[in-house]
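Please read the structure below before turning to the comments.
Every number here is computed from the coordinates shown, using simple stated rules; none is lab data. Just so you know, these numbers come straight off a predicted model, no measurement behind them. Using ideal geometry, Cβ is built from the backbone for each residue, glycine included, and neighbour counts are taken over all protein chains shown.
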Amino acid sequence: MAGEAQDDCLFCKIVEGHIPATIVRETETTVAFRDINPQAPTHVLVIPKAHYRDAATLAAAAPELAADVLRETQAVADEDKLEAYRVVFNTGSGAGQTVWHAHAHVLGGRGLEWPPG
Ligand code: AMP
Ligand code: ZN
């Protein structure tokens, strides 16, 4: 069910501390940790602690929590002193989503091209 921890979800396991991660920030409702396969000098994932399969589901079911995630992307950028950065929500496998627990990628620390490909 939306919001409840899923036994087979990698990011739920990180929230529960069952899988290690380099955590950079934590709030009551969110966790931010470094991506294991960074695509930029700063590549941090911000996730809600509660499980939602993607950003759209999160925004529809729990808009205040979605706002918490968005607020934390700014906090991560501030912490890494990024003047410019990109926030990405890959949504659907065709867009590159591989982990089915909503997450924002925060990318920065290098020039970022547009369109992103
Ligand atoms: P996405 O492809 O948008 O679903 O993003 C999933 C991201 O999770 C990828 O960038 C992976 O590199 C990252 N990832 C997968 N496993 C881990 C892990 N154990 N710790 C940190 N990041 C991970
Ligand atoms: Zn999950």
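Pull out the extension gain between residue 9 and residue 67, defined as 0.36 nm times the separation in residues minus the alpha carbon to alpha carbon distance; nm, one decimal.
This chain segment gains 18.7 nm when fully extended.
Test of understanding: ordering 110, 34 by Cβ neighbours within 10 Å, fewest first, what list do you get? Walk me through the numbers on the way to the answer.
Values: 110 11, 34 15.
Arranged by neighbour count, lowest to highest, 110, 34 become 110, 34.
Output the 0 to 90 degree angle, nearest 10, between the alpha-carbon long axis of helix 63-79 and the longest principal axis computed from the alpha carbons of the chain.
Taking the Cα atoms of the chain, the angle to 63-79 is about 40 degrees.
Could you point to the residue in 39, 58, 21 farthest towards the positive end of the chain's charge dipole, with +1 and -1 charges on the Cβ of Lys/Arg and Asp/Glu respectively?
39
Gain in length, residue 110 to residue 2, computed as 0.36 nm per residue apart minus the alpha-carbon separation, to one decimal in nm? Could the numbers behind the result be given before it?
On the way: separation 108, 0.36 × 108 = 38.88 nm, distance 3.56 nm.
Difference between extended and current length: 35.3 nm.
With a point put 7 Å past each Cα toward its Cβ, work out how far residue 98 is from residue 18 in nm, to one decimal.
Output for this residue pair reads 2.1 nm.
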